[in-house]
């Protein structure tokens, strides 16, 4: 009788290093037995054959080979196990591996991290009646065994040549049928009998009845599915505290391969069985392979897949496309790129059919997963001619164009809603790939045209996906500039025109989705405005066909404010002016067709609205009424306008991207307040007054001491005025002072030459300083001057013969004595005059008082400068009374101000990031990782920049500043969104308490990023949490690309740009993951009843404060409050 058993090849190094007895691997059989017709496959099996030694052996020892890169022969240990690992089958196989029966539906337990799902060793299905003389084994010299992988062996106990090499085979811990001494039922005996019963009918493809044949293959799928579940549950931690050792025995998941391959060649009357065979082949080969199939097996497998993908039978096409997901490309089996062309053609054929059951979403997923491949693999051959082209496509560019043309066609015509969304996402990923690779592909503009036109599509789910793709392209605007300088501005124009086109119907629509989509377009427009340079926004809009010359001169920013104004005040604003806003016709050009026809889609069932009873539990009547009265579109447009006014072209400022709004409050720098936070003490200070402006903005005026500087002038203002503004977009603070001249340090430089210059003739000097001081010491300057005048001006001489400096002759008729007497009298008189003057100079009553410069007055009132500023701004006027009011200062206002300031001024998200190393399949080992691989660290660095949590001023996401949750964290921010990443490898894990705290932070996030390098797929339950609505799992591939698996709860709506099954390059990975996380977080939040965005919350808080605390009073009372905010502190003077 035939004797077979299942054995496990164990590690020669590592886990079982203590076992030194080894058995050289003898031979490897092909996965395809002689049950195939000899003329079926063209390829010949390579290798040498030899007969087994024992004559009484009727079984074939078979082991699946695993080819290593080094091509070195290895010796492996063989160990017999008396029992198999038994675990509860807690979970179902994932849906991506096939459609399973309803009775077996439960939460899927998928295995992670190997190079293939079904790499187990194959057992050839030799029929019971097989002849005994055909026991050939194919052995390949370059095929060796991986000592780390499990094996399924069929050993003949009578093969003494093999058994004597291992003393373990002589032990008594196995059943009699396996060569031992144990009697009764044992795992090894059960496995042998199971194998015998399985093959008792011989070749199932010889069954004549097509119905029975189909039933048999249906049962084989069920049987294989059970084996797959067993494999998935092997080596799984029961307590989730540690990862068990690899299993000793594994199920033979490729055991049916020969039957399946042969079934695909049967006539058409066996179609049902053929379809089941293709289904099982796809499920079998899209799992991770514990042992890689050898080249002989791959030849047969690829040939069968080629036949299926090029079959004329539409049902076979549908089956292969439906059950062969992009996991096939992820596995990276040797030579898999040969089938890429077949997959593209088959997917196109599936999408071109009108069959209702056609797997359209699966086809689009395959096409979308391949968009990055043409740039990686420079030559992708096609194995058959394409009927449309009539020639064989061999080049990368041709394959790329063929693939993109299919995507472009179906992105506009696809009738399935889900498939259309995947097609739009695929186009978005392809655009990013081409921009990143700088290929300047001409069809990028066509793809943007399709996405732009899809914005006005009637199905809002599809339109939302297109909007998400345009929002993704914001981060690539500089690449778009290099591709074509006008493309970024064109996208902004598309958004403006689409909003204007959809606004009239959306503002009166009763469907909430219409209004929410306009909101998405407005926020997308805001992101584009903030990203583009101001110079680009100020360029005139390109004149369209219908636009006149005058209107075409308006800049793009003007049209942006116009459409925002229309959103606030209603679409009727521009009904009288045909070109007040951009229209779709204005966008028409040679590169953009705004009226590209779009095919309709079959909408899915609308999401059920929450019943009134549910809402009654959440809202009071007043809150519900306020919620209904708050119009979403005008509110969003107001926020966008305010945001642009405050931040356009100057974000980020010196404070960095984490600081968008002021952190100051009324208690800071307030000399009358000692508290470090807002308190009732603030309201009693005489230098503060709070106002309401336009029933929408809170304004606080605070007089604070002026900042003391080193070279301050004596007449500097002693106090500054601080204005704190709170509006729908955030909080802003301004400090100002009264100025009567330029600031110190800003004066123009004065010339060092201090010459007297005559106005109008700066080159002519009246008397230069040089001429004045040229006279030498000891000379009589007056004498020289008189002589000079006499020489230059003779008319000044009294006598022509006498010079002016010569003494005059004595007078006639006066004696010498008379002259002396007169001189003496004059001298005496002069001395008396001097004596009198000296006496008078010491008498202060005779002095004239000096005119002193008045000293600067110091205002005594604590609110003087604020009052002055309010008056200069015209806020104290009677005309402003309707829009400018005081606030009542009380404890309720204080609480509500604190609440308002605690609200975020940007959209915030917190995302968990896990790293899973190879061999980790339990919570503790995963959370204990302190670092990851280099590829993982590069990816995390691409998500955002590291911030120091102790000093970080932006969104913290619950992380602590004391270091208990780590020292740093990746952070990403724009002017509209903030993301903090809770990275498991950044948080401490040195104690049980830190692990618990880490799990609390990570597990409470709605979106999880899982970077898995394990050889089995990530299972959802490894990290136990009630949250984690969306899991984005990243699997690194051999070719440095990355496979994306997205697991989400059923109620979470579709989101992009990445989709389940996407494959992207390393350059694209961080930005696409970040964008997908944002959209996933938004999708999860959209499920929360009556969820409000950050600006909706701020608007409601502002509205409540204004309604409850606005103080209506007479003008006299208002003026008195402005004159003295707190009379008890007044110092009496007018200041």
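Readers should treat all values here as calculations from the given coordinates under stated rules, not as data from a laboratory. Since the structure is predicted, the reported quantities are computational estimates derived from the model, not experimental observations. FYI the Cβ positions are ideal-geometry reconstructions off the backbone, even for glycines, and counts take in every protein chain you see.
What percent of all Cα-Cα pairs in the range 272-317 falls in each 10 Å bin, counting up from 0?
24, 53, 21, 1
Using the Cα atoms of the range 922-1030, I'd like the radius of gyration and the largest Cα-Cα distance, Dmax, both in angstrom.
According to the Cα coordinates of the range 922-1030, Rg and Dmax are 13.8, 41 Å.
Under the rule a/c < 1.5 gives rounded, and otherwise a/b versus b/c splits prolate from oblate, where does the range 903-1085 land using the Cα gyration tensor? The partial results should precede the final answer.
Working: a/c = 1.37, a/b = 1.09, b/c = 1.25.
Verdict is rounded for the range 903-1085.
Can you tell me which of 263-276, 289-302 comes out highest on packing, and rank the rest after it, using the mean Cβ neighbours within 10 Å? Spell out each step's value before the answer.
Numbers: 263-276: 18.7, 289-302: 23.0.
So the order, starting with the most tightly packed, is 289-302, 263-276.
Which of 537, 564, 995 comes first, and how do the rest follow, when ranked by fewest Cβ neighbours within 10 Å? Numbers along the way, then the final one.
Numbers: 537 20, 564 24, 995 17.
Sorted ascending by nearby Cβ count, the order is 995, 537, 564.
Test of understanding: ordering 878, 430 by Cβ neighbours within 10 Å, fewest first, what list do you get? List each step's numbers first, then the result.
Working: 878 8, 430 26.
Ranking 878, 430 by Cβ neighbours within 10 Å, fewest first, gives 878, 430.
Quick one: work out the % antiparallel among DSSP beta bridges in the range 903-1085, nearest 5.
Working: 17 of 35 bridges.
In the range 903-1085, DSSP labels about 50 percent of beta bridges as antiparallel.
Would you list 523, 785, 182, 826 from fewest to most Cβ contacts within 10 Å? List each step's numbers first, then the result.
Numbers: 523 21, 785 13, 182 16, 826 10.
Starting with the residue having the fewest Cβ neighbours, the order is 826, 785, 182, 523.
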